[in-house]
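*Asks:* Before I ask anything, let me first share the structure, which is written out below as structure tokens.
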Amino acid sequence: MVLKREISQTQISNDLDDQMRNYWFDFRQKKFLHNIDTFYYSVKLQEDFTDDSTDSAVLFFRRYFEQKKSLFNRNYGDSIPLEFDGCDVLNLRPCTFAGFFSICLECPEWFDIFISPVVPHGSDGGLSVTCEIVVQIRSYMLWIYGVNESFERSYEYVKAICNYFDLHVDYCQENRIDYCWHSNYLSNPEKFFSLDNFYKMRVDRFKDALTHSAKVGSEDYEIDYISLGKRSDKVFIRIYLKSKEVVEKNYKPWFFKIWLFNGLINRYDFFVYEECYKRKSWKYLDMARVAFYHQYGADKIKLGLCKKLLDGTATMDDDRLKKFADMLTPKVNLIMNVEFQTMRKHSKSYQLAPFKDNSSKGEKQRIYDYLDNRRIIADYLTHYVLRLVEPSGDTNKSRRDYCAFWKALRSCRMVDVCVAPKHVKLIRQYNRQLNGNIMKKRAINAAVVYGLYTRGLNKDNVIQDFVEALCQLNDNDIHEAYRYKQKKARQFNADELAETYVSDATHKYEIVNIDTGELSIPIVP
């Protein structure tokens, strides 16, 4: 968390008036945002799905997917669109989950439905106790629509599939749920999570913690990852630098908007993170801060140096660049994520409190009972599974009080986080535009490099490079491009791409004037 006094000591603070300072640097201090970030649930069917089943509905189900999966061998592509009454198109993908869930139906960007055509017999040789369906709801859907609505929407697809094959659901249950807390609370994670300090604070039953640090300059470092346990354990804990993960993995840029809407970052942080995301580089952080000053600063001498650094005519080593950026602009608010991954083998032992009567939910009752107990489960995880206490005090650590960071985490509001309807469209458009601009830049660069490969070193207008790249396409290229477009189109969600965000007025260049038929640029032989 960046303090106001740190902001006031920078050059940009002196250059901006009060109104602009509040616009760029205002945010909520010591803020936590909680949500369920990953949600798997399993569905048990009433029909017999064991290998020797004679159930007609099961046999029809197997024949249907065997025929569909055979299309993969006919170069149809890496997904096959399927449609069932009552739901949108799903993609059948070649995928295996947990060994025997060999059917994967994907609703792009929202969830995946894994189905096992054959399940093992029970331990007594009778009917199987293994669930035939597992649904993975992706984090985008959970953060945008909330866990309850996400579950309902995904379950509608499950029911549509079951109705098509005349299958019947026996019950649903949680499979894996990840509890996460995003926070700007820590201004110095390196000090807070240093090995000495962390081991003085942690109270848990895990043997060891895995810590990863990254080099910053020649003398500093940052703690960007701590884990306790194994991914296959009943509970696995990760504490890591979420803002760095989003930048380096170059996905989920919509988190920037969610953090901004909820006050975890300010508009300045948003600018810097976006610039880093465009380049898929966390190391660009200090240069992005320089870019911010170059765009909004006022000192002419410093602006001149910023321009040279940005266009590459001047360079600085990492240490000097960091000091220069610190003089110009404040540090960004880092977003840490504390995440508890809980598995079914842990949650099945929970004694759920009957806060509501969910008997009317039928086969879905267990899911709603579980979600109603979310506060109690989170309290249990953040006290008995892992808690961070004051680094000094009682010689018995377990009797110490929570440290301030952990107190704030545990007092965070636990509501079904979702984006307000008026903001959903903004996030969709932002996500598309940012990724679209990145793809546009790649296409431009690729056309320019292609022109150098085909015509050697030249001084042609770059528009000529684009025209030449298009003119080089033959029938095979067009055919492959069409197939590729069909393939990629199935990887996007129709609802998320419902409207265009580019107006006709932005199209300044054209190859042929559609009114006169004249070429808009000269074609050099």
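The values are calculated or read from the model by the stated rules, or taken from the named source; none is laboratory data. Note that the structure is a prediction, hence the values are computed from the model and not measured. Every residue, glycine as well, gets a Cβ built from its backbone with ideal geometry; the counts of neighbours run over all protein chains shown.
*Asks:* Has region 180-197 got at least one residue that is modelled with pLDDT of 90 or more, part of a strand (DSSP E or B), of a type in the set (A, V, I, L, M) and at negative phi?
*Replies:* no
*Asks:* Please go through region 139-175 and pick out each residue that is surrounded by fewer than 20 Cβ atoms within 10 Å (Cβ to Cβ), of a type outside the set (S, T, N, Q), modelled with pLDDT of 95 or more and not in a helix (DSSP H, G or I).
*Replies:* Selection gives 166, 168, 169, 170, 171.
*Asks:* Between 260, 241, 228, 186, which is crowded, with 21+ Cβ neighbours inside 10 Å, under 30 Å from residue 20 (Cα atoms) and not aromatic (Phe, Trp, Tyr)?
*Replies:* Sole residue among the options that is crowded, with 21+ Cβ neighbours inside 10 Å, under 30 Å from residue 20 (Cα atoms) and not aromatic (Phe, Trp, Tyr): 241.
*Asks:* Quick check: anything in region 330-338 under 30 Å from residue 41 (Cα atoms), in contact with an Asp or Glu (Cβ under 7 Å, 6 or more places away or on another chain) and not in a loop (DSSP other than H, G, I, E, B)?
*Replies:* So far as region 330-338 goes, no, none of its residues is under 30 Å from residue 41 (Cα atoms), in contact with an Asp or Glu (Cβ under 7 Å, 6 or more places away or on another chain) and not in a loop (DSSP other than H, G, I, E, B).
*Asks:* Do you know which of the residues in region 198-230 that are polar (S, T, N, Q) and under 25 Å from the mean Cα position of the chain (by Cα) is modelled with the highest pLDDT?
*Replies:* First, pick out the residues of region 198-230 that are polar (S, T, N, Q): 211, 213, 218, 227.
Now restrict to residues that are under 25 Å from the mean Cα position of the chain (by Cα): 211, 213, 227.
Details: 211: 88, 213: 83, 227: 94.
Among those residues, the one meeting the criterion is 227.
*Asks:* Could you pull out the residue among 359, 347, 398 that is surrounded by fewer than 12 Cβ atoms within 10 Å (Cβ to Cβ), of a type in the set (Ser, Thr, Tyr) and closer than 24 Å to residue 227 by Cα?
*Replies:* Only one candidate passes the filter, namely 398.
*Asks:* Separate question: Are any residues in region 346-389 in contact with a helix residue (DSSP H, G or I) (Cβ under 7 Å, 6 or more places away or on another chain), over 17 Å from residue 40 (Cβ atoms) and assigned to a loop (DSSP other than H, G, I, E, B), and if so, which ones?
*Replies:* Passing the criteria: 352, 353, 355, 356, 358.
*Asks:* So is residue 84 at pLDDT 90 or above, among the hydrophobic types (A, V, I, L, M, F, W, C) and either at positive phi or buried (at least 16 other Cβ atoms within 10 Å of the Cβ) (or both) or not?
*Replies:* yes
*Asks:* Filter region 117-154 down to the residues that are of a type in the set (Ser, Thr, Tyr) and more than 20 Å from residue 61 (Cβ to Cβ), then identify the one that is farthest from the chain's Cα centre (by Cα).
*Replies:* 123
*Asks:* If I go through region 390-414 residue by residue, how many of them are out of contact with any helix residue (DSSP H, G or I) (no Cβ under 9 Å at 6 or more places or on another chain) and assigned to a helix (DSSP H, G or I)?
*Replies:* 5
*Asks:* Residues that are under 17 Å from the mean Cα position of the chain (by Cα), at least 3 per element: which helices (runs of 4 or more DSSP H) completely within region 244-301 meet that? Steps first, answer last, please.
*Replies:* Numbers: elements: 254-261, 267-279, 285-296.
Because the criterion is at least 3 residues that are under 17 Å from the mean Cα position of the chain (by Cα), the helices (runs of 4 or more DSSP H) in region 244-301 that meet it are 254-261, 267-279.
*Asks:* Against the condition closer than 30 Å to residue 349 by Cβ and either in contact with a strand residue (DSSP E or B) (Cβ under 7 Å, 6 or more places away or on another chain) or in contact (Cβ under 8 Å) with a residue 24 or more places away in the chain (or both), how does residue 225 come out, does it pass?
*Replies:* Taking the combined requirement at face value, the residue satisfies it.
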